[in-house]
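Worksheet for the structure shown next.
Every read-out reported here was derived from the displayed coordinates using simple, explicitly stated rules and does not represent laboratory data. Treat the numbers as computed from the prediction; the structure is a model and nothing was measured. FYI the Cβ positions are ideal-geometry reconstructions off the backbone, even for glycines, and counts take in every protein chain you see.
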Amino acid sequence: MTKAYILIVNESGKEDSIISNLKNIPSITNAFGAFGTYDIIIKLESNSEQTLHHDISYGIRKIPNIRDTLTLLVQKSATLKINKLERDVLDTYMAQAFVTIHCLKSQEDSVIQNLNTIPEVIEIDMLIGSYELICKIAAPTYNHISEIISQKIRKIPGIKSTNTINLITNQGFSR
């Protein structure tokens, strides 16, 4: 299974229109509205790397009002602590964020081990390119997310820096 994340910056106020267009791209499994540096984050999965490349180049990047994209290719999935039903509950009732992580050279495995000890970290993927890892966290509020990042994640040895992408509840879709 080939997987990627796309971080999107769009024209102001166009998120709903873009998310509506993203629903027509079959390899997209999740789309989330976000606040912060990026406006939308999507996850794509396919049995074919060619399908992902096609959907990114001729699907996502052709949608009007997208100003910029950052593609994060997944090298391997490291952790998935929840099933689809649990994910649907979390998507509805919990504050969530993705955290991209820069690691010190060759520290990814030990960082993953430490991330796995944090109950709020529900998914971890190793990346190729701009960042070494991306993880998804869930907590009751965005204040809790802030505490988890500052008091737990950023204190893990081997992490150089993080970037948090807070998700907007009920803006987006999951398949």
*Where the only charges are on Cβ atoms (+1 Lys, Arg; -1 Asp, Glu), what is the dipole of the chain about its Cα centre, to the nearest 20 debye?*
160 debye
_Full-stretch length increase - residue 79, residue 58 - with 0.36 nm per residue and alpha-carbon distance subtracted_ = 4.5 nm
*Which value in deg cm²/dmol, rounded to the nearest 500, describes the helix-derived mean residue ellipticity at 222 nm for the chain, given -39,500 (n - 2.57) per DSSP H run of n ≥ 4 and division by the residue count?*
-6000 deg cm²/dmol
*Any of 105/152; 23/76; 105/155; 62/152 with alpha carbons more than 28 Å apart? Name them for me.*
62/152
_For 88, 39, which order do you get if you count the other beta carbons within 10 Å of each Cβ and list the fewest first?_
88, 39
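Mind giving me the FRET efficiency for residue 150 and residue 1? R0 is 45 Å, r the Cβ-Cβ distance, nearest 0.05 is fine. Display every interim value, and only then the final one.
Working: r = 33 Å, r/R0 = 0.74.
It comes to 0.85.
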_Can you tell me which lysines have their Cα less than 16 Å from the Cα of residue 81? Leave out same-chain residues fewer than eight positions away._
136
